[in-house]
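Since every read-out is calculated from the coordinates, none of them should be taken as a lab result. Keep in mind it's a predicted model, so treat the numbers as computed, not measured. Note: ideal-geometry Cβ built from the backbone for every residue, glycine included; neighbour counts use all protein chains shown.
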Amino acid sequence: MPLTDVTVRTAKPRDKPYKLSDSGGLYVEVTPAGGKRWRWKYRIEGREKLLSMGVYPDVPLVLARVRRDDARKLLANGVDPSVHRQATKLAHAEGSANSFEVIGREWFAKHQSGWAISHSSKVIARLEKDVFPFIGSRPIAQIAASELLKVLQRIENRGALETAHKARVSCGQVFRYAIATGRTERDISADLRGALPPVRTKHMSSVTDPALVGPLLRMLHGYEGTLTVQCALKLAPLLFVRPGELRTARWVDIDLEKAEWRFRVSKTHTDHVVPLASQAVAVLAEVRQLTGRGQFVFPSARSNSRPMSENTVNAALRRLGIPSDELTGHGFRAMARTILDEVHGFRIDLIEHQLAHAVKDPLGRAYNRTSHLPERRRMMQAWADYLDSLRIGTKSK
C-alpha cells in the first residue's frame, strides 16, 4: 500500500539497506547510516532503470510523488527521464525543460550510439558552436523560422555555407524529435528550404584514366616515409575502401589465411567483407611484422592505442607532389569503380557491393555481406593483377 509521511519519518536503519515501496515504482531506500533516498524504477525500450528523486526530508513524500509523475509524463511521450535530466544539466537550463538545447541534447544522446564517432562529434560540435548559443535557451515551441534563419545566415556569412546546410538538417531532426515527444507541433526548419544558396557539389578528386594510373602507382610505391604509411598507400588502391575504414583497420578483423577482411561499415553500419588479393595479403604480412602485436594495422605515430590520423594518407600524397585537385584518399574508390566497369566490364552490382554501397536483389531485399563473395574474390584479384601490370608497364591501356 502507498506510504505515509509518518512511515517514512519513523523508518529505522538496519544492518543492510532496505526499501519501503510507495506506488508507481517510487520507493525510499533506507541506508544503515539512517539516510533515506527516493528512487523511481521504470522501464524503457525493454530495460529497467532507476532515477534518483532526492533525499528525505529535503524532499518530502508529496514532492517525491510530483517528481515521479513528471517523469512518468516524459516516459509516456517516449522520452527517457534519465537522458532528459542529463541533457538539462548539460544545458544549464534547469528551469527550461523544453528549451531547444535540452531537447537537442536529448535527441543527440538517443541517436549517437548508432553513428560513427567522427560523425557524432561533428554533429554535437556544430550545435554547440553555431546553434545553442543563439537559440538554445528558447522554448522550442516558440522559435520562429526567421530566428533559425538568422542562425544559419550567421554561419553562411563566415564562409561556411555547407556547414549552414548541415546545421539546418540537424535542427530539423531536433524539431521532429520534439514533435514526436509532444513538445512542439511543427518543424519550422522545413519553411527554410531554399532560403540558403545551394552548395556547389565538389566531387572527390580521382584518377580514372588507365594511362595515368601506372605512373601514379609507381609514385606510391616509391614513397620513402614510414613503413606503415608506405603500406597504407599500397593498400588504398588495392582495396578501395573508405579512407576512415582503412586507417582504423584492426588486426582482429583480418584473416590472412582466408584472405579476408571483415568489418562493420562506418557509414551504413552494416557488415562487410573485403576479399584480399594475394598482393594485399603480401602488404599486410609485411606491416604485421611491425604492428601485429597491437590493435590497429596502422597505428598513430604518437600512440599505438590510436589509429593513424585521418590526414595521413592525403598528407603523404601531397609530399609525393600529387595536388589535392588531382587525387585524394577517397579518390581510389572512384578509380576502381570507373575502371572495373568501363575497362574490365565487371557487373555494376558486384562493384557497388564491393564499395559497400546499398545493393538490393531483384525482390528489393538488401544483400548480406557474403553475397557473390566468390565473384567478388575473382574481381579483387583481377583488379590487383591489373594494377600490377599498369605499374610495371606491361599494359598499354
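Miscellaneous remarks
- Whether the range 210-392 is rounded, prolate or oblate, judged on the alpha carbon gyration tensor where a/c under 1.5 counts as rounded: oblate
- Helix 210-221 vs. the chain, principal-axis angle (Cα, 0 to 90°, nearest 10): 70 degrees
- At full extension, residue 338 and residue 325 could sit 2.9 nm farther apart than now, given 0.36 nm per residue minus the alpha carbon distance.
- Computed FRET value (nearest 0.05) for residue 29 with residue 186, which takes r as the C-beta separation and R₀ as 41 Å: 0.45
- The modelled label-to-label distance for the pair residue 12/residue 48, using points 7 Å beyond Cα in the direction of Cβ, is 2.9 nm.
- Estimated from the Cβ-Cβ distance and a Förster radius of 41 angstrom, the FRET efficiency linking residue 269 and residue 76 is about 0.85.
- Prolate/oblate/rounded label for the range 1-44 (Cα gyration tensor, a/c 1.5): oblate
- Rounded, prolate or oblate (a/c below 1.5 giving rounded, otherwise prolate when a/b exceeds b/c) for the range 180-264 by Cα gyration tensor: oblate
- Spacing of the modelled spin labels on residue 112 and residue 145, each 7 Å from Cα toward Cβ, amounts to 3.2 nm.
- Computed from backbone phi, the HN-Hα couplings of the range 374-386 come to x, 5, 5, 5, 5, 5, 5, 6, 5, 5, 5, 5, 5 Hz, rounded to whole numbers (Karplus: 6.51 cos²θ - 1.76 cosθ + 1.60, θ = phi - 60°; Gly and Pro given as x).
- Inter-part distance where the range 206-235 and the range 314-330 are each reduced to a Cα centre, Å: 10 Å
- Distance from the Cα centroid of the range 271-291 to that of the range 2-75 is 57 Å (rounded to whole angstrom).
- Loop-resident sites, the range 1-52, for trypsin sites (Lys or Arg not before Pro), counting at most 15 other Cβ within 10 Å (DSSP): 14
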